[in-house]
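Remarks on the structure that follows.
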Amino acid sequence: MDLVPTPYELPKSPIDPGRGRAVYRLERPVQGRYVGGVCAGLAEHLGVNVRHVRLAFLLACFAGGAGVAAYLILWALTPQSLGGAPVPRPRPMDEGQPANEPLRNLVVGVGLLLVGGGLFAQLHGVNLRLGVLIPLVTVAGGAVLAWSQLDDAERGRWLVGGSEGRRAGLLRLVIGIALALIGVVVLATQGRGLAGLWDVGIPAVAVLAGAALIAAPWGVRLWNDLRAEQAQRIRETERADIAAHLHDSVLQTLALIQRKAADPAEVTRLARAQERELRGWLYAGPRGSRSSLASAVTEVAHEVEDVHGIPIELVVTGDRPLDAGGTALVRALREALLNAVCHGSVPVSAYVEVGSDLVEAFVRDHGPGFDMSAVPADRLGVRESILGRMSRQGGSAAVRRLERGTEVSLSLPLTTAESQPVAQPDTEGTQ
Amino acid sequence: MMSEPKSLHPAPIRLVLVDDHRMFRSGVKAELDESMVIVGEAPDVDSAIVVVAETRPDVVLLDVHLPGGNGNGGSDVISGSHGVTTESGEPVRFLALSVSDAAEDVIAVIRAGARGYVTKTINGNDLTDAIRRVADGDAVFSPRLAGFVLDAFGAAAGEVALVDEELDRLSTREREVMRLIARGYQYKEVAKELFISIKTVETHVSSVLRKLQLSSRHELTAWAVGRHLL
């Protein structure tokens, strides 16, 4: 259960970020972009300040919309750098500006709306075929905003991303569609006013509805494909995680076992430790705090198992916070377990029952048992230390000889003064 | 861990092995003595149900985790084999076998109708005894399962049933038996310790198994899901 975090277990992206390469190739970065990332990518590619590139594009926009056209072409032809990839070079605009995408999108969208509106007002004064150009620009802007949702990596982020990412995506989509609609309406009604809107609007809506009807199955399929792809990716990530863990733990242990095949005790110890680790990884959730009696008992039993390579069948029921009495019990239990694995024979069982007013622990082996008068002084000392420990905490200990084996029983009454609530929030089962 | 195999079955016990690991099946086969005969094997839920219905064995050794069926592993085999009897009219009995420590899996298969649960690390002799016990209609409890029962029925905290028929708590005797099993005692030793016969011990264990299968004690499930101890 004590998983040592390894580099393999760190959550990693299934896609290789592909560092280094991004510095030279023309790609549209995900981070640090305003609209489609074309300017940022171009600046990255050419090694120019991104502000200059953006300014150039803006100026070019007023030269008959050349900037817009260039931007659109570049946007369509440039691949987006892979999702979530770390940007190779920090962009100037990232400094002091946290990635607040929803806000940024809102600003961009509203800005575009304002520009569109302002120019629309100018329409009455100036007549430089802006009546056609501006709606076109608006449509294009809206389309860019809306379609940027369907970029390869972007759509993935949109689908899996938290509610925040989703909201940002929706916002962009709505603004984009609104822009496109405004542009289309202005273009279609070319100075004919609201009355004309009806003449054009109804057929347009009808056509759109028909198109939607035709496109719906395709759209649904696309959506399903996306979901499937997403699920696949999650599965792959999990698989990679499991593979990494198995590689680190099981495969290493198997290699060790092969090398130590001549030493059965060592092989058993390795197999046992690995089994426990794997079990812990597979089944154990958070098992309460380290300072609970049950976890301390488990830890001690595992330690003894590891040192001597003899399995201990441990059963613990109930739990309570670890106090001085509990610590003494755990130490005494450890002595008893060491005794059992050193001098008894398998199977060794340990049972610890944490009740509301009494903690009892039993350690049992199946050895031939021992004659109390014949035990060497040092083992008698061990036994004394078990007994002594328990009695100092107001508990008791006893050694019993069974027909087959020996059983050490420890018991520790919980006085009302020191007994803390048994039902601590993260352990259950004692009531 | 059970001892004193009884000779209630002079004829060899007919056994079906259900486990998706071929290696484990052949390992079990190698460990069993001549008092058992393997009449069928199955690697998944669906073929297990077919094999059990065809061969009508005394005991099915059932892995908790199996592919196929409704995804509930061993429990699906038990529910799919409902009503199947041996030639002598006894119901087919199931002994669950698992490497899993996940309480909810083991409890699910017990509540589906398995007569006992042992871990796959059990040695050949103990496995033979466990199979024999299940074939005789008794229950087989591992120390872990006993510990789980004590915890789930609140016995560790001192809750005791006032009447034996009460389903949601253990009687004093049942609690004592469970405690001794959790301490690693074999049935024979439990009987000696409590000055009762082995048959009485078996009766108590069977009655605990019944409570485990029928009790609606909500802690049973909540605990199993929350604790991952078994």
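The numbers here are math on the coordinates, done by the rules we state, and not lab data. Source: prediction; values computed, not measured. When we count neighbours, we look across all protein chains shown, and the Cβ atoms used for this are built from the backbone with ideal geometry, even at glycine.
Assuming R0 = 25 Å, what is the FRET efficiency of B:T85 and B:E34, from their Cβ-Cβ distance, to the nearest 0.05? So the FRET efficiency works out to roughly 0.50. Between the beta carbons of A:S345 and A:S391, assuming R0 = 35 Å, the FRET efficiency works out to 0.75 to the nearest 0.05.
Measuring r between the beta carbons of B:I196 and A:D357 and using R0 = 22 Å, the FRET efficiency lands at 0.20. Only Cα pairs under 8 Å and 6+ residues apart enter the sum, and on that basis the relative contact order of region A:290-413 stands at 25 percent. Each label point was placed 7 Å from the Cα along the Cα-to-Cβ direction; for A:I73 and A:E238 their separation is 4.8 nm.
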